[in-house]
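Inspection log for the structure reproduced underneath, given as structure tokens.
The values are calculated or read from the model by the stated rules, or taken from the named source; none is laboratory data. Source: prediction; values computed, not measured. All Cβ positions, even for glycine, are placed from backbone atoms using ideal geometry, and neighbour counts span all protein chains on display. The area values use the complete protein model at the heavy-atom level, side chains included, leaving out ligands, DNA and RNA. Shrake-Rupley method; radii C 1.70, N 1.55, O 1.52, S 1.80 Å.
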Amino acid sequence: MTGRLRAAVARRLGVDARALAALRVALAAVVLADLALRARFLRAFYTDAGVYPRSLLFEQYGSLARLSVHALSGAAWVQAALFVATAVAALALLAGYRTTLATVLTAVLLGSLHFRNPLVLNSGDTLLRVLFLWCVFLPLGERWSVDALRRGDDARNRVTSVATAGVLLQVVVVYSTNAVLKLRGDEWLSGEAVRLVLELDMFTVLLGDVLAEYPGLVAAFDRLWLALLAGSVLLVVLTGWLRAAFAGLFAAMHAGMLVSMQLAVFPLVSIAALLPFLPPVFWDRLPGWRAVPGVRRLPVAEYASSVDRALPRVALPSLPSRVAYWKDRAVPALLTVLLVGMLVWNAATIGLVGVPDAAPVDGQPEPRWSMFAPTPVDTDFWVVAPGTLASGERVDAFRGGPVEWAEPPDVANSYPSSRWRKYVANVRAREPRVAGAFADYLCTRWDGERELRSVELYVVEQQVRLDGSDPTERVKLAATNCSAGVRTNT
């Protein structure tokens, strides 16, 4: 009986080694893509000359901000060097070269980058950090890696540990928590929530603009997504092809988000997080690389040998036997505590368990996975920054061109990226000094004959309803005399 129970648990909380390899490649690729997107605004978001100088970061986040290596300097060249270092670590992770070390370095540098400017983060960034936390303790290099090539043919087919349980249950917790919160909102129960989200022009792109024209289809997606979230525990209950199909439904919904909404890396991270749920039967049916036309004739073995020879054989010192003995026993125990703590904490955020009096928070902690729940955002907003040049000409210091208060033809594209939209959302909610730093940054974007003398910063808000939109409202956030450095916050 005990053996059968262990086998049943292993089938549900174990992970195929090939799935772990796919997770490694996917997470490394997401980090590299995210770095490339963030690098476009390196000066704006990560230097003292940008929208969030370190002095303001330290004021608002204190000792937490000082954990960031990126916060050691406000110079652009230092940030660029750290971006390159993170990319190198992610490339090593992608190739599976010194996989555990590459995982740790990528995780540390990624967390450091996130803590340098929390105002541009969303739930996808949080999920990415949490996944890396579990991945540090997973054998991501067991298959399809330089490490595996050098090790030989002694790779495991399946891995079952506290860490595999953690990475699987973490995903279920995200979906389940979000389901509980969504079920508390009338819009989700009525089937109108997704339609309301797609009415927000600041989010919708590509397919989202098309879907908004078909309310019946959108309502069906609403009900399907809510049903999937509510039944997400089946991701660990099901096995075999049923589990693969169920995980595939989640992945398909996230792919739909990717082509419908500007959500930064959230859809990509979510798809990567589903890879460990794919069972052995799925990987067994995948054709090998020799079945791919145009690739089967490539001398892959020769390429692999060339990579092996090119990369140095970095050997880390071995732990003393006694230290290794206690490590092998302490790490699973600590991970078990972490797993239980994660489950209890998330249950507390939605009120399923109480918070002890001795806990480091007062009252119920804020839910971490509240994406568009319990009620979706119902207000569009865009930035207007009237500025006066030295010549007396009036320009929009944020978007360029003349000052236009009317709704842009495409609100989403009025922001340089989804990170900018998230930043502006936090500017609206933060204290005036954050808006003032934004206005100061706008002053520095213009020079020479088109030097800015002064700039005002507004967001124009428009509540969106399914039966039409309300009139717009201008909210003044800050005003700055660029020449004298005199700031007026509102």
Of all residues in the range 251-302, which are assigned to a helix (DSSP H, G or I), modelled with pLDDT under 90 and either of a type in the set (Lys, Arg) or under 22 Å from Gly208 (Cβ atoms) (or both)? Arg285, Arg290
Filter the range 116-137 for residues that are more than 8 Å from the chain's Cα centre (by Cα), in a helix (DSSP H, G or I) and not charged (D, E, K, R) and give the result. Pro118, Leu119, Val120, Val130, Leu131, Phe132, Leu133, Trp134, Cys135
Failed condition for Val174, given (1) surrounded by 19 or more Cβ atoms within 10 Å (Cβ to Cβ); (2) out of contact with any Asp or Glu (no Cβ under 8 Å at 6 or more places or on another chain); (3) under 18 Å from Ala10 (Cβ atoms): (3)
Going through Phe372, Phe381 one at a time, which residue ends up being hydrophobic (A, V, I, L, M, F, W, C) and at pLDDT 90 or above? Phe381
Exactly one of Asn157, Asn117, Asn122 is under 30 Å from Leu57 (Cα atoms), open to solvent by 30 Å² or more (accessible area, probe 1.4 Å), of a type in the set (S, T, N, Q) and out of contact with any Ser or Thr (no Cβ under 6 Å at 6 or more places or on another chain), and that one is Asn122
Out of all the residues in the range 423-431, is one or more among the polar types (S, T, N, Q), open to solvent by 10 Å² or more (accessible area, probe 1.4 Å), closer than 29 Å to Asn178 by Cα and at pLDDT 85 or above? yes
Give the number of residues within the range 98-124 that are in contact with an Asp or Glu (Cβ under 8 Å, 6 or more places away or on another chain) and modelled with pLDDT under 95. 2
Being open to solvent by less than 20 Å² (accessible area, probe 1.4 Å) and either basic (Lys, Arg) or more than 20 Å from Ser270 (Cβ to Cβ) (or both) is the filter here, so list the residues in the range 177-190 that pass it. Lys182, Gly185
Selection count where residues are among the charged types (D, E, K, R) and free of Cβ contacts under 8 Å to residues at least 24 places away in the same chain, scope the range 195-210: 1
Single unsatisfied condition, Phe381 versus (1) touching a Pro at 6+ places or on another chain (Cβ under 8 Å); (2) open to solvent by less than 20 Å² (accessible area, probe 1.4 Å): (1)
Within the range 90-104, can one find any residue that is without any contact (Cβ under 8 Å) to a residue 24 or more places away in the chain and under 29 Å from Arg285 (Cα atoms)? yes
Answer from Arg24, Arg18 - the residue that is surrounded by 15 or more Cβ atoms within 10 Å (Cβ to Cβ) and either outside any helix (DSSP H, G or I) or more than 20 Å from the chain's Cα centre (by Cα) (or both): Arg18
Residue, surrounded by the most Cβ atoms within 10 Å (Cβ to Cβ), within the range 68-87, restricted to residues that are within 25 Å of Pro432 (Cα to Cα) and in contact (Cβ under 8 Å) with a residue 40 or more places away in the chain: His70
All but one of (1) open to solvent by 20 Å² or more (accessible area, probe 1.4 Å); (2) within 24 Å of Tyr423 (Cα to Cα); (3) outside any loop (DSSP other than H, G, I, E, B) hold for Val197; state the number of the condition that does not hold. (1)
Total residues in the range 216-237, condition touching a residue at least 60 places away in the same chain (Cβ under 8 Å) and open to solvent by 30 Å² or more (accessible area, probe 1.4 Å): 2
